[in-house]
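The values are calculated or read from the model by the stated rules, or taken from the named source; none is laboratory data. Since the structure is predicted, the reported quantities are computational estimates derived from the model, not experimental observations. Because the Cβ atoms are built from the backbone with ideal geometry, glycine has one as well, and the counts that use them run over all protein chains shown.
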């Protein structure tokens, strides 16, 4: 059950998708939503040409604090009539990097809801950094809600299944969401029956396990063709009109993804529907 | 009850265990974990899968020549016969439980049986293994199975001492809290097991206020308070204790504290990392496995 849902407010004025999705989740389970606004002031680093004066630094801090406060007020006004208990939290990142400060808060939430990182936007860099650190360091699942996407009741959920620990975690972390789906597709892309991975009947074991959790499950094998695994999964989700995708994230490190390309980044940047990732 | 939605939160939606995996690590320490797995299966109406591995050592060629094919074939036959006997005995012992307990034989070619068990773990909710008491002849293998399952399984691992007679869910539990991804995961993975707990104690040892730039060691202004508030939202009765580790190691301190407070379960982050195909367990995690006299739930 999602009793505590954290939404880091990272791109002011730009989207309310994650907050609205968080409210939809909280409505289901009687949960609580926290919107987190950070006060982030760059470290006063002493340079060769001497650092900042205390006066300038304190003004920087003052301005950041005022910006954050006005953001908090705007959010409080916007969500004053929210249908669930909703708190707008302000936190000082202090000596921490902002994405790490968010991670600290995420550890005592059930799930963190954040925005996706579309390739063509400046905020994508911030969103991607935050996503990466949250996923690897919070120990909690991250629900990515792209612009325009919503949490839907019923409908079909798609699991991008691979025999990895990350996918196993994602499936289990997603159970509270999967319960609301009418049907669940376990999608395996070009699986090779193998005793060291997929097993004799790829997807069958995880499907049987999910069926024991009361879900209606179907296993679907897809060819990668000339595209990537992420593309094959997203294409299936689009075809069946799925409302949720579930996937393991960063089974290989971000650095290796950067060099070799990777499914996590492709899903993050290419998704049109909410994706739950776990690491 | 619920002012904020149409669905009624409650027992029906409490996190559930449906599939419990019990790898048969060895004969001497199997009973404690088995009793625990059966008690949990009963509490959740879940299914237990006991994995009995056929363990045939790899035929390694050496400088002095390898094994003859004939000898290897005989070892293979022996291992199969032993495994068949174990499976038959476990099946007979559980005949009365019908479909609730399944005994499955696995054979892995060119793969350690624990690595095979880790593959099975991925479609279970929980894995139950023995602890590794200091000085016990079976401790080495038990630690090795535990490490493989913890690091590669992706599922929480409940380590149960051999002598322990778990007969239901804990009434009192201790959360060994640290601001890490592993501890956060353990707390959340433990929620099904905390269903019947009257009290959950959050214990933070040597908690420093503040933290590093990367979010490490960030206990917050009031160590343990945030995670306690979160658990309270899940309907649990929580108390927070902070204390120094004194002269003992942190793991010993926590186990001793659990003993004094009457806790029946410890929940802790399990630390370790993969080194090529091997793994290295964190020091405190290893010590927990060696010194505990009550079950510990670890997540990685």
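Quick look at the numbers
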quantity: Residue B:272 vs. criteria touching a strand residue (DSSP E or B) at 6+ places or on another chain (Cβ under 7 Å), within 14 Å of chain A (Cβ to nearest Cβ), farther than 24 Å from residue B:127 by Cβ and surrounded by 18 or more Cβ atoms within 10 Å (Cβ to Cβ); calculated: no
quantity: Flag for residue B:157 being buried (at least 24 other Cβ atoms within 10 Å of the Cβ), in contact (Cβ under 8 Å) with a residue 60 or more places away in the chain and away from chain A (no Cβ under 14 Å); calculated: no
quantity: Among the candidates B:220, B:235, residue that is surrounded by 18 or more Cβ atoms within 10 Å (Cβ to Cβ) and within 30 Å of residue A:30 (Cβ to Cβ); calculated: B:220
quantity: Of all residues in region B:167-180 being buried (at least 20 other Cβ atoms within 10 Å of the Cβ) and modelled with pLDDT under 95, the one that is nearest to the chain's Cα centre (by Cα); calculated: B:178
quantity: Filter result for the condition that a residue is closer than 26 Å to residue A:134 by Cα, more than 12 Å from chain B (Cβ to nearest Cβ) and touching a strand residue (DSSP E or B) at 6+ places or on another chain (Cβ under 7 Å), over A:171, A:186, A:145; calculated: A:145
quantity: All positions within region A:178-211 that are assigned to a loop (DSSP other than H, G, I, E, B) and closer than 18 Å to residue B:46 by Cβ; calculated: A:179
quantity: Checking residue B:127 against (1) under 23 Å from residue B:258 (Cα atoms); (2) assigned to a loop (DSSP other than H, G, I, E, B), the condition it does not meet; calculated: (2)
quantity: Answer from A:224, A:254 - the residue that is at pLDDT below 95, in contact with a helix residue (DSSP H, G or I) (Cβ under 6 Å, 6 or more places away or on another chain) and under 28 Å from residue A:151 (Cβ atoms); calculated: A:254
quantity: Meets criteria (touching a helix residue (DSSP H, G or I) at 6+ places or on another chain (Cβ under 7 Å) and touching a residue at least 24 places away in the same chain (Cβ under 8 Å)) for residue B:99; calculated: no
quantity: Unmet requirement for residue A:53, which otherwise passes all of (1) at pLDDT below 95; (2) touching a helix residue (DSSP H, G or I) at 6+ places or on another chain (Cβ under 6 Å); calculated: (2)
quantity: Any strands (runs of 3 or more DSSP E) falling wholly within region B:224-300 and containing at least 2 residues that are at pLDDT 95 or above and closer than 24 Å to residue B:33 by Cβ; calculated: B:265-269, B:296-299
quantity: Selection within region A:83-107 - part of a loop (DSSP other than H, G, I, E, B) and at pLDDT 95 or above; calculated: A:83, A:84, A:85, A:107
quantity: Any hit, region A:107-125, residues being surrounded by fewer than 24 Cβ atoms within 10 Å (Cβ to Cβ), in contact (Cβ under 8 Å) with a residue 24 or more places away in the chain, farther than 30 Å from residue B:223 by Cβ and touching a strand residue (DSSP E or B) at 6+ places or on another chain (Cβ under 6 Å); calculated: no
quantity: Qualifying residue in region B:97-114 (condition: within 11 Å of chain A (Cβ to nearest Cβ), in a helix (DSSP H, G or I) and in contact with a strand residue (DSSP E or B) (Cβ under 7 Å, 6 or more places away or on another chain)); calculated: no
quantity: Tally, over region A:179-211, of residues that are closer than 20 Å to residue A:276 by Cβ and free of Cβ contacts under 8 Å to residues at least 60 places away in the same chain; calculated: 15
quantity: Hits in region A:18-37 (condition: within 22 Å of residue A:91 (Cα to Cα), within 13 Å of another protein chain (Cβ to nearest Cβ) and not in a helix (DSSP H, G or I)); calculated: A:31, A:32, A:33, A:34, A:36
quantity: Any hit, region B:196-216, residues being away from chain A (no Cβ under 12 Å), in a loop (DSSP other than H, G, I, E, B), closer than 29 Å to residue B:134 by Cβ and modelled with pLDDT of 95 or more; calculated: yes
quantity: Number of the condition not met by residue A:214 [criteria: (1) facing another protein chain (nearest Cβ under 9 Å); (2) assigned to a helix (DSSP H, G or I)]; calculated: (2)
quantity: Residue list for region B:136-177, filter: over 23 Å from residue A:251 (Cα atoms), in a loop (DSSP other than H, G, I, E, B) and touching a helix residue (DSSP H, G or I) at 6+ places or on another chain (Cβ under 9 Å); calculated: B:136, B:161, B:162, B:163, B:164, B:165, B:166, B:167, B:168, B:169, B:170, B:177
